[in-house]
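J.: Below is the structure I would like to discuss, written out as structure tokens.
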Amino acid sequence: MDFLNPVLNGFVVVLEPTNLLYCLIGVVIGMLIGVLPGLGPAATIAILLPLTYNVEPVTAIIMLAGIFYGAQYGGTITSVLLRLPGEASSVVTVFDGYQMAKQGKAGTALGLAAIGSFIGGTASIIGLTFLAPVVASFALDFGPAEYSALALLGILLVATISNGAKTKALIAAAVGLLLATVGRDVFTGESRFTFGSLNLADGIDFVPIAMGLFGLGEILYNLEERHRAAKAPSKVTNVWPSKADLKQASGAITRGSVLGFLLGILPGGGATIASMASYAMEKKRAKQPERFGKGAPEGVAGPETANNAAATSSFIPLLTLGIPANATMALMFGALLIQGVTPGPQLVEQHPDLFWGVVNSMYIGNILLLIMSLPLVGLFVKILRVRAAILAPVTALITLLGAYTINNSMFDVTLVVVFGIVGYLMKKFGFEPGPLVLAFVLGSLLESSLRRSLLVFGGDPLGFFSRPISAALLIAFVLVAVLPGIRPLLAKRKTAATGVDDTTKIKETV
Amino acid sequence: MTPLKESNSVTAGGDTLSDVTSGGNAPGPVPDDSLEDLTAEQLAAQWEDEKPPAAGALANAASSLVVLGVGVGAVVLSLAMGLGTPAAPEPGLWPFIISCVMVLLGLFQLVMGRHNRDAEKFTRMSAAPVTGLVTLAAMVAVMPLIGFELPSLVLCIIWMKFLGGETWRSTLLISAIVVAAFYGIFVAALGTSIPHLF
């Protein structure tokens, strides 16, 4: 039972009043931004990064994680009640959730979603508890060669799975890698791309980039579209689903948990892709697929379970390998680095309190969220009355003032505004900021492990193929890089053969 | 006014419904009175229609050229830093590799991306983010001189009244409350060193 000791100690960490409080703050903020269309969890976490400077690492990550999975719960509410997905991962919930609401079963839909989310999240935490230490111990032997290959594969996967044109995502990733080289070269001590600026001598901080690209960029982008105040919906009654409903949805919830857990682990996977996949799977499995889109409870329960399970399991690559699987995890990575903790295989061993504290906080967070989304759902619906016109300047000011407090420097604020412009233009021109931030975070790790392994191999790049794991990862890299080129051809043949189309082919946004 | 009219933003962390109806069976325009009974496919198509108009080849050329420009500039700068050999790299080698990849990707995008429609046109609505940017830049410029209070107040008023279309009464009232709240949090409670006038 030695294995369980650190797990139990993790509960002690969570139950400290400060951590409980930050967990509550995190899930409430997550729920709120989930309900409000516009700002997503990545933007919110980016904006709130300065808040985490003065607290313990475990407390900071507990709060940020709460925002992330809390948003998955909140996004459901507006999908069901208003046909307005609050989050990308709740888009498919609209199809059946809103129909259920129209049939007077809004409460049932919300209840099923909340219970599904809870079960999916909890199942995923249990999976995480058992799987993460195994992966971490496996990765302990990783040397620089494996890390270079892993980082390359991670960046490539996130770039190719992300929304929009793949070339553009790869360009964004290249820009991120280039930005990471600004500052002093760790090997030779020479300055790179600093243009004589002292402010740039130590490189660009992660926080202003994230706050600018995700936070301010998104705020500016949203200014272009008017969000009028949504009509407050009719009263929600009876959120407790009946036994029959639960029975009907139980299969979907079980399948959603497993599917979400698996998709969350994959780099580039995540909550959105999991909810889409679950909807498609439920529709395919159903005896009467025509019920879907007309208020099928499985169409709500499945995706909502899957997105929560995926949100939780996407912590596995971050906490065990130190490779963020999506943009939100890249922000967590950055937040940990700020705290002087480098996520990686040693994390479980060296910081068991942090690792198990964060993991176990998710149980508490999920319970809090279940309470908030069942009895207190009416309160959150009222938030919809807050108009975007009021929210936008408030969030913009929080971003600017928050950026100042990081180092008490106006230079950081200026950087945030500059990256805000870049982020806005990127979105306008169809470039996702996610791969950029992810590549920036992994940039210095990638460069140093690449250079270190080349030293070991005496400068021979083929040396990477002399180690089985790095070889396998690099072969996977080549496959992922080449596959998009071949896939249209394969798809063409497939469509010609069957003439079927997949209506839920919506891509992940990171 | 149905809720759908207001739902043109599903952009939680990026846009979402880029190619929902992939098989090319996109349903035709849906008459307004049947909005309540859309199928999933129709709803997705509806969202697609409400997205801002796509920009054409010019936007692609412009963004590709910016990428090329940055890439070429970085190539030149990294060459100046010295490349060395893989076994004994100098500081320029790694940036050189990345910037070469960037140049290649930029060229690829310039040629192959001509017919992509994933960029958005700048419309009259784009004046709002530009105005927003100008106010933000102005705030950054004057904040060290006169503190954050007055610039924040002006920013709130401009964003709420002119960008958001609030009434004067609620604009003034809420702006004052917001600035007071920020003063309370950042100056009085947290004691940060944010430049402040009062």
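J.: Counting only residues that are among the hydroxyl-bearing types (Ser, Thr, Tyr) and either outside any helix (DSSP H, G or I) or in contact with a strand residue (DSSP E or B) (Cβ under 8 Å, 6 or more places away or on another chain) (or both), how many does the range A:378-415 have?
T.: Looking only at that region, the number is 1.
J.: Mind checking which residues of the range B:176-190 are more than 10 Å from chain A (Cβ to nearest Cβ) and in contact (Cβ under 8 Å) with a residue 24 or more places away in the chain?
T.: B:Tyr183
J.: With the structure loaded, tell me whether A:Ala46 is among the hydrophobic types (A, V, I, L, M, F, W, C), away from every other protein chain (no Cβ under 13 Å) and assigned to a helix (DSSP H, G or I) or whether it fails that test.
T.: Spelling it out, it is not the case that A:Ala46 is among the hydrophobic types (A, V, I, L, M, F, W, C), away from every other protein chain (no Cβ under 13 Å) and assigned to a helix (DSSP H, G or I).
J.: Within the range B:131-156, which residues are of a type in the set (A, V, I, L, M, F, W, C), closer than 14 Å to A:Gly420 by Cβ and at the interface with chain A (Cβ under 9 Å from one of its Cβ atoms)?
T.: B:Leu133, B:Leu136, B:Ala137, B:Met139, B:Val140, B:Leu155
J.: Separate question: Which members of the range B:163-175 meet the condition of being facing chain A (nearest Cβ under 10 Å) and surrounded by fewer than 16 Cβ atoms within 10 Å (Cβ to Cβ)?
T.: Hits for the range B:163-175 are B:Gly165, B:Ser170.
J.: Would you check if there is a residue in the range A:46-60 being under 17 Å from A:Leu384 (Cα atoms) and among the aromatic types (Phe, Trp, Tyr)?
T.: no
Rundown of residues vs (1) within 14 Å of chain B (Cβ to nearest Cβ); (2) within 30 Å of A:Asp205 (Cβ to Cβ); (3) surrounded by 23 or more Cβ atoms within 10 Å (Cβ to Cβ); (4) within 25 Å of the chain's Cα centre (by Cα), yes/no style:
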residue	(1), (2), (3), (4)
A:Gly365	no, yes, yes, yes
A:Leu368	no, no, no, yes
A:Ile371	no, no, no, yes
A:Leu379	no, no, no, no
A:Arg385	yes, no, no, no
A:Tyr404	yes, yes, yes, no
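J.: What pairs come up if the first residue lies in the range B:84-95 and is on the phi > 0 side of the Ramachandran plot, the second is outside any loop (DSSP other than H, G, I, E, B), and their beta carbons are under 8 Å apart, counting only those six or more places apart or on different chains?
T.: Within 8 Å, the pairs are B:Gly84/B:Leu93.
J.: Considering only residues that are polar (S, T, N, Q) and more than 19 Å from A:Asp245 (Cβ to Cβ), which ones fall in the range A:286-341?
T.: Residues satisfying the conditions are A:Asn307, A:Thr312, A:Ser313, A:Ser314, A:Thr320, A:Asn326, A:Thr328, A:Gln339.
Bear in mind these aren't lab numbers, they're just calculated from the coordinates by the rules spelled out. A quick note: this is a predicted structure, and the numbers were derived from the prediction, not measured. Neighbour counts run over all protein chains shown; Cβ positions are idealised from the backbone, glycine included.
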